[in-house]
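Have a look at the structure below, then the notes.
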Amino acid sequence: MSTSKILAIVIPLAITAYVIYALSGGSPGGALAATITPDQLKKRLEAGEKLTIIDVRNPDEWEQGHIAQARLIPLGEIESRAGELDPNQEIILVC
């Protein structure tokens, strides 16, 4: 399934993405978190940017459709699984 089709599924599910760079505290521009629109994310993926995309929805929602490059880490598990994420990589959380 193409990224465009996945985004078409995810957007109606009220996609909200937050960019968090280096969970330990910093991000480009100095903000801890920033909002990114679905269109901005799509353009960055199409440009080939290396992004860590974490889908924080529950497994049932994930199975209904998700961004191909995303990993599932339900919101309730983010804190306990933060060690799985590269703090030097830009991280985008999608819900």
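What the table shows:
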| item | result |
| --- | --- |
| Near pairs, Cβ below 8 angstrom, 6+ apart or cross-chain, from the stretch 40-63 (without any contact (Cβ under 8 Å) to a residue 40 or more places away in the chain) to any residue that is open to solvent by 70 Å² or more (accessible area, probe 1.4 Å) and not small (Gly, Ala, Ser) | 56/75 |
| Residue within the stretch 50-61 that is in contact with a Phe, Trp or Tyr (Cβ under 7 Å, 6 or more places away or on another chain), at pLDDT 60 or above and not β-branched (Val, Ile, Thr) present | yes |
| Qualifying positions in the stretch 48-75 - open to solvent by 80 Å² or more (accessible area, probe 1.4 Å) and more than 14 Å from the chain's Cα centre (by Cα) | 60, 63, 64 |
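The values are calculated or read from the model by the stated rules, or taken from the named source; none is laboratory data. From a predicted model like this one, the values you see are computed outputs, not experimental measurements. Every residue, glycine among them, receives a Cβ derived from its backbone with ideal geometry; neighbour counts consider all protein chains shown. We work out accessible area using only protein heavy atoms, side chains counted, and drop any ligands, DNA or RNA first. Shrake-Rupley method; radii C 1.70, N 1.55, O 1.52, S 1.80 Å.
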